[in-house]
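Take a look at the structure set out below.
Nothing in this text is a laboratory measurement; each read-out follows from the coordinates by a stated rule. A quick note: this is a predicted structure, and the numbers were derived from the prediction, not measured. With ideal geometry, Cβ positions are generated from the backbone for all residues, glycine too; neighbour counts draw on all protein chains shown.
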There are 2 protein chains.
Amino acid sequence: VTWEVLAFDFGGTKARCALVSRDGRLGPTRAQGRPPSADGPRWLARMLDEGRGLLAEAGPGAPRAVGVSFGGPVDDEGRVSSMHVAGWEKVDLRRSMREAFGLPCLVDNDANLGALGEQRFGAGRDTAHLAYFTVSTGVGGGVVLQGKVHRGAHGIAGEFGHIPFRPFDLAAPECACGKRGCVESLASGRAIAREGRRALAAVGRPAPDDLTAEQVFAAAGRDETWALGVRDRAVEALAHGVASVLCVLDLPVVVIGGGVAQAGELLLGPLRGRVEDALPEVLRGRSQVRQAALGDFSSLLGAAALAMED
Amino acid sequence: VTWEVLAFDFGGTKARCALVSRDGRLGPTRAQGRPPSADGPRWLARMLDEGRGLLAEAGPGAPRAVGVSFGGPVDDEGRVSSMHVAGWEKVDLRRSMREAFGLPCLVDNDANLGALGEQRFGAGRDTAHLAYFTVSTGVGGGVVLQGKVHRGAHGIAGEFGHIPFRPFDLAAPECACGKRGCVESLASGRAIAREGRRALAAVGRPAPDDLTAEQVFAAAGRDETWALGVRDRAVEALAHGVASVLCVLDLPVVVIGGGVAQAGELLLGPLRGRVEDALPEVLRGRSQVRQAALGDFSSLLGAAALAMED
């Protein structure tokens, strides 16, 4: 196997790097947790060392490019562009990679690259156009058109979590973005856990503070009524987001990834039905809603695909 | 002036054709109302005659291509693809034009070509990417990315009128698409007229059956409370649509056209404010909402732009 590119993925708590072949096969992989100080440059330096280790291990016929997925906004030049990611202010990822490896480097955010990874190597291999929803702690997304990430005018296309859903419903939760009733505020892993605690308390059962969305889906899988209700309300919000995206772009495929999508058909089954309900007649039965195929590796493999484009 | 293309625009009640120069200048133009029988092929034949008349008038140096805008869905081959437009079933517009004029011909629907016309020659001349909302009897739209219409997987991208807005609000009107509370059901010219009649009746004033959205905006311009309320509720629905599109695509410009947009700042002023309210913080203050610049000619000039691409 020829390892075509070296790919990095910096998430909220974990960073990984891996060698990847032309056809998306994952080679040797290394990981590092976030240092306790949450200092971006120090974490980056450790990951550059891991990358050097991978290259030394792989021997001659080294990769020809580097791709980086970052868990937050990056600008067109590959620099972290937001103050929102503590410890990473203004870090120039592209330049750091170029200096460390002497190779060209491309960088994008994890949601955009999750979309590209699924399109190139995952659930959307048969199409050049898709939307990718990542449903984990929050809800994000990315759009791939003609095999390329659509970044938008400011690199923030695919803000599917903040598509307004119930902005005027005073019973809807406030969202981190400053609005009320966004898709994310009702369909994210955090929201599902919160609503799960509420639903348990409402039926007089213990509602552990550390309840997870995974546990809510497990209970839904056991047909527990409280959990089915929570699941169905999250699905309704997510379906609103998916239907809105389809009204705008008329895409053949929508891929649902992120930790919450690991629930599989417990999420995807009802979601498909509610998306159809939320679509106008002219769009019904035309698009497929699929589970992500690359699990935790959508963004890393998307970073690899991006580097291969160069 | 060299008349580069011959452009046609078939609307609901009126068809036009015109010669158009490379830089979007409108030359001689002819129009025909819909024949009483609503027979597509007969109307088409009359318009082909009008086109021949224009060419004869223009003399040598004839156009090199034909572009057609049609007020309903057309397939990738330039054929009317819907049963929804009475009298036009399966009419092959592209082939008819080729046979009549011996020139290459491209066809798309009026909303997509309104978007392209505004991008090439109108309110979006300074950008390669925009969304165009057409607000007239209904609400439609089109998306232009990198200077090309994004038609979507089935040629029906830009269904902005059917983005769900208040699908669970039982007080929201039913929409022609079979759902409830779509953007169109609250923001279209038809909806504004309907809500205007209701609002007048509610304050005990005469509510004429033939009240128009234009009259509602005129009354809003005179600060009549009933009309301001109707206007603001329509603006809220339209802002929801615009914000949803921006969350998906992060576009630099959104253009609002169609008959209702003739209200100008009476519509656009409050719309800009409500769009900002409906956006997540990360997208606020970044995109411009502009009135269409080509008035009733967005789609015709879009058809011209499409023909020039060939």
* Asked: Could you give the length gained on full extension between A:R233 and A:A293, defined as 0.36 nm per residue of separation minus the Cα-Cα distance, in nm?
  -> 19.1 nm
* In whole angstrom, note down how far apart the Cα centers of the stretch B:160-205 and the stretch A:229-271 are. => 27 Å
* Which residue, chosen from B:S81, B:L93, B:V5, occupies the Cα position most advanced towards the positive end of the dipole of the stretch B:1-97, where the dipole is computed from +1 (Lys, Arg) and -1 (Asp, Glu) charges on Cβ about the Cα centre? -> B:V5
* Got a sec? Charge dipole of chain B, +1 on Cβ for Lys and Arg, -1 for Asp and Glu; which of B:T134, B:A153, B:I163 is way out at the positive end? -> B:T134
* To do: Sum -39500 (n - 2.57) across every DSSP H segment of at least 4 residues in the protein assembly as shown, then divide by the residue count to get the 222 nm mean residue ellipticity, nearest 500.
  => -12000 deg cm²/dmol
* Extending each Cα 7 Å along its Cβ direction at B:R25 and A:A218, get the distance between those two points in nm, one decimal. => 7.4 nm
* Can you tell me the 0 to 90 degree angle between the C-alpha axis of helix B:265-278 and the longest principal axis of chain B, rounded to 10? => 70 degrees
* To do: DSSP loop (so not H, G, I, E, B), at most 15 other Cβ within 10 Å: list which trypsin sites (Lys or Arg not before Pro) in the stretch B:185-223 pass both filters.
  => B:R222
* Structure fact -> One would report the Cα pair-distance distribution of the protein assembly as shown, bin width 10 Å, in %, as 3, 16, 24, 23, 18, 10, 4, 1, 0
* To do: Counting only DSSP beta bridges with both residues in the stretch A:1-114, tell me the antiparallel percent, nearest 5.
  => 60 percent
* Structure fact -> In debye to the nearest 20, the charge dipole size for the stretch B:122-223, taken about the Cα centre with +1 at each Lys and Arg Cβ and -1 at each Asp and Glu Cβ, equals 120 debye
* **Separation of the B:E276 and B:D75 label points, Cα + 7 Å toward Cβ, nm** => 4.8 nm
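As a quick test, which of the pairs B:K14/B:K90; A:K148/B:K148; A:K148/B:K90 have an alpha carbon distance above 26 angstrom in this structure? Provide the component values of the computation, followed by the final result.
Values: B:K14/B:K90 20 Å; A:K148/B:K148 15 Å; A:K148/B:K90 34 Å.
Table pairs above 26 Å Cα-Cα are A:K148/B:K90.
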* Which of the aspartates and glutamates could a cross-linker bridge to A:K179, judged by Cα under 13 Å and excluding same-chain residues fewer than eight apart? -> A:D169, B:E276, B:D277, B:E281
* Using +1 on the beta carbon of Lys and Arg, -1 on that of Asp and Glu, and nothing else charged, what's the dipole of chain B about the Cα centre, debye to 20? -> 200 debye
* Gap separating the Cα centres of the stretch B:115-159 and the stretch B:26-93, nearest whole Å -> 21 Å
* To do: Report the normalised scattering of chain B as log10 I(q)/I(0) at q = 0.06, 0.13 Å⁻¹, calculated by the Debye formula with identical scatterers on the alpha carbons.
  => -0.20, -0.92
* Asked: Say a label goes 7 Å from Cα toward Cβ at A:E174 in every copy; what distances in nm does this one have to the rest, shortest first?
  -> 4.0
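So how much slack lies between A:F168 and A:A56, counting 0.36 nm per residue of separation and subtracting their Cα-Cα distance, in nm?
Details: separation 112, 0.36 × 112 = 40.32 nm, distance 5.71 nm.
Extra length available between A:F168 and A:A56 comes to 34.6 nm.
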* Asked: Suppose every K and R has +1 on its Cβ and every D and E has -1 on its Cβ; what is the size of the dipole of the protein assembly as shown about the Cα centre, in Debye to the nearest 20?
  -> 40 debye
* To do: At 7 Å along the Cα-to-beta-carbon direction for both B:T225 and B:R95, put a label point, then send me their distance in nm to one decimal.
  => 6.2 nm
* To do: Mind checking which of B:S37, B:A220, B:P60 is farthest towards the positive end of chain B's charge dipole, using Cβ charges of +1 (Lys, Arg) and -1 (Asp, Glu) about the Cα centre?
  => B:S37
